[in-house]
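Structure record follows, encoded as structure tokens.
The values are calculated or read from the model by the stated rules, or taken from the named source; none is laboratory data. These numbers were taken from a predicted model, which means no experiment stands behind them. Positions of Cβ are generated from backbone atoms using ideal geometry, with glycine treated the same way; all protein chains shown enter the neighbour counts. Only protein heavy atoms, including side chains, enter the accessible area calculation; ligands, DNA and RNA are left aside. Shrake-Rupley method; radii C 1.70, N 1.55, O 1.52, S 1.80 Å.
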Amino acid sequence: MQSTWLERLERKIGRFSIPNLMNLILVGMAVVFVSDLFLSVQYDGVTLSQYLYFDRSAIFHGEVWRILSFLFIPMDSSPLWILFSMYFYWLIGSGLERQWGSFRFNVFYFCGVIGTILSGLITGYVGNTYLNFSLFLAFALLYPDFQIMLFFILPVKMKWLAWLDVAFLLIEFIMSSWSGRLSILFAFANILLFFGKDFWQFFQNQYRRYQYRKKMK
């Protein structure tokens, strides 16, 4: 992981970091989820979420809160699944912040946010799905052998879930329109920023091993 520029940045503005950032995001999601359940019943399908989605046209017409409010859109509409998802991302967010510290986790998250916003301004619409996936991939890269109880029943290591995630993203990238591909690339800019050097060294090592095996044969 790149560290020199982060260390310099942290010395200058580290005091402005937001501690327990993921907890704040998840509390916001919980509030929106409960509000959606209540409003949809009381007001015939009207939800809070419909006023929070990222919509470039609405933003340009004065609804500027949508630039950030999409971060609080719940990850699912099922009460059982939302509980599992929130627990899962609480685990990931707290683990990343514990490993990196509040400031570096803030930088990672908001780099993903900025990339997502930029893709939304270009394409017109974007969600928080790929941004959340980037958190999961970062956790899996740091803790590949960390084991979770999938659906609170099945023990699975993070690295196997990560491979499934990568396969899903590749399929999404291939099947999506150019706007969908742009959303994926921009949302994962934080992964390249933090782990790009590690990826490069890995591929270099693999290439050296290939060359060595080829020479020995």
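Label sites at residue 17 and residue 185, each approximated as a point 7 angstrom past Cα along Cα to Cβ, lie 3.1 nm apart. Assuming charge only on the beta carbon of Lys and Arg (+1) and of Asp and Glu (-1), the dipole of the chain about its Cα centre is about 1500 debye to the nearest 20.
The accessible area of residue 36, taken with all protein chains in place and a 1.4 Å probe, comes to roughly 30 Å².
Here the 3J(HN,Hα) profile of the range 85-91, calculated from phi with Karplus coefficients 6.51, -1.76 and 1.60 at θ = phi - 60°, is 4, 5, 5, 4, 6, 5, 4 Hz, Gly and Pro shown as x. Please work out the FRET efficiency for the pair residue 91 and residue 44, using the Cβ-Cβ distance as r and a Förster radius of 35 Å; give the result to the nearest 0.05. The pair residue 91/residue 44 has a calculated efficiency of 0.45.
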